[in-house]
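Following: one structure in structure tokens, then a few remarks.
The values are calculated or read from the model by the stated rules, or taken from the named source; none is laboratory data. Worth saying up front: this structure is predicted, and the values here are computed from it rather than measured. So basically every Cβ, Gly included, is an ideal-geometry build from the backbone, and we count neighbours across all protein chains shown. Areas reflect the complete protein model, heavy atoms only, side chains present, ligands, DNA and RNA absent. Shrake-Rupley method; radii C 1.70, N 1.55, O 1.52, S 1.80 Å.
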Amino acid sequence: MADLTGKPGPNDALTDVAGLRVGHARVAAAHALTGTTVVLAPEGGAVAAVDVRGGGPGTRETDALDPRNLVQRTDAVVLTGGSAYGLDSASGVAGWLEERQRGFRIGPDPAQVVPVVPAACLFDLGRGGDWRARPDASTGRAAVVAAAGTDVGVPVEQGVVGAGTGAVVGGLKGGVGTASVRLASGVTVAALVVVNAAGSAVDPLTGVLYGEYLQGRVDYPAEEIHQEALGRVRAAREESGRRYAASVRPPLNTTLAVVATDAGLTRAQAQKLAGTAHDGFARALRPVHLLTDGDTVFALSTGAVPLLPGDQGPAFVEQLTAAAVNEVLAAGADTVTRAIVKAVRAASGVDGPGGIFPAYQDLYAAGP
């Protein structure tokens, strides 16, 4: 990994960036396999940015995060299933924020705010068996209420939850994963990823998760276990195709992420963080950023920790700042890779009307 001196935070999760909270909500309808995840910033919001690399994105309010534009901070980021329909979940989050007078203030009355709630969606329509089951404003509200109801710094639930409820990666069940690192400088960098890729997270030659090659020691599964796993995935894909025949067939997907830090980044630096975090996708998913993916990374900076502690003086301050930012950028990509690995390992398999999606942990129960 790029940062050899850092160690995971106490929860190895996005909530190790102090002040951030995460909430999940699932659509409860019969034959629904979809949901929403909300990342709630502390009071006053966080510096935010976004970088979209996939060929089929579905987003809301992402233009507001351009460093050239007016809005400086945002109070929440929404990751949701339901394709473009699911973006309605952000309306529920915006309504909840307005009730608490949180948002971009536009008048003398504290209640005169417009919450800016960036959101991105992934494709999971029909995976539970019901094409019309998708998140709406009530799902988004449930997710932000869940986030607000947690204590600061608590662990984050992973696997088949929230926006990861209907996620699939390369024929396996995907889901939500999260990871963090605390750098030697004292800065914390963390990521939360919803893994729903058209590509695969598994090396077909070995059965090892691609992202684990970058994490030191790798335990290779026995060849017979690997071959059995490949056969089960092929059979599951064929059966899923039969069950899904009346619905959509192309491998429409999208992997979403929020990468966050307590380092004091400018909006331009946050946008760079969102961009380099996509390297974490490329290390753990192959192929990535396809036309049928809408891969999107949001970046958040709470600014609680200065990039350069103490008085550095005027000499070489630009070089010192660049070096400090580089550490954050490298850590962001690394935590995204680890979060993808954790998502795939945490996911549980699904067998329903919309298809069979086995879990990696079940296929390789005897290793690696």
Quiz item: Restricting attention to the range 218-226, does a residue exist that is part of a helix (DSSP H, G or I) and among the hydrophobic types (A, V, I, L, M, F, W, C)?
Solution: yes
Practice problem: Please work out if T15 is surrounded by fewer than 24 Cβ atoms within 10 Å (Cβ to Cβ) and over 30 Å from R243 (Cβ atoms). | Solution: no
Quiz item: Among D151, D136, D130, which is the only one that is free of Cβ contacts under 8 Å to residues at least 24 places away in the same chain and either of a type in the set (F, W, Y) or open to solvent by 50 Å² or more (accessible area, probe 1.4 Å) (or both)?
Solution: D151
Practice problem: Take the residues in the range 171-185 that are out of contact with any strand residue (DSSP E or B) (no Cβ under 6 Å at 6 or more places or on another chain) and not aliphatic (A, V, I, L, M), then tell me which one is nearest to H278 (Cα to Cα). | Solution: G171
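Every residue, every condition in (1) within 15 Å of the chain's Cα centre (by Cα); (2) small (G, A, S), yes or no:
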{"residue": "G19", "(1), (2)": "no, yes"}
{"residue": "A30", "(1), (2)": "no, yes"}
{"residue": "A48", "(1), (2)": "yes, yes"}
{"residue": "G58", "(1), (2)": "yes, yes"}
{"residue": "L79", "(1), (2)": "yes, no"}
Quiz item: Within the range 248-297, which residues are closer than 15 Å to P67 by Cα, buried (at least 19 other Cβ atoms within 10 Å of the Cβ) and aliphatic (A, V, I, L, M)?
Solution: L265, A270, L273, A274
Practice problem: Among the residues of the range 198-227, write down those that are buried (at least 16 other Cβ atoms within 10 Å of the Cβ) and more than 27 Å from the chain's Cα centre (by Cα). | Solution: P221, I225, H226
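For the range 154-194, name all the residues that are part of a loop (DSSP other than H, G, I, E, B), of a type in the set (V, I, T) and open to solvent by less than 10 Å² (accessible area, probe 1.4 Å). Reasoning before the result, please.
First, the residues of the range 154-194 that are part of a loop (DSSP other than H, G, I, E, B): 154-158, 160-161, 165-167, 170-171, 174, 183-187.
Applying the additional criterion that residues be of a type in the set (V, I, T) yields 154, 156, 160-161, 165, 187.
The answer is T165, V187.
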Practice problem: Could you identify the single residue in D293, D334 that is under 19 Å from the mean Cα position of the chain (by Cα) and at pLDDT 95 or above? | Solution: D334
Quiz item: What number of residues within the range 52-68 satisfy the criterion of being closer than 15 Å to A119 by Cβ and open to solvent by 30 Å² or more (accessible area, probe 1.4 Å)?
Solution: 6
Quiz item: Any residue at all in the range 350-366 that is among the hydrophobic types (A, V, I, L, M, F, W, C), open to solvent by 10 Å² or more (accessible area, probe 1.4 Å) and without any contact (Cβ under 8 Å) to a residue 60 or more places away in the chain?
Solution: yes
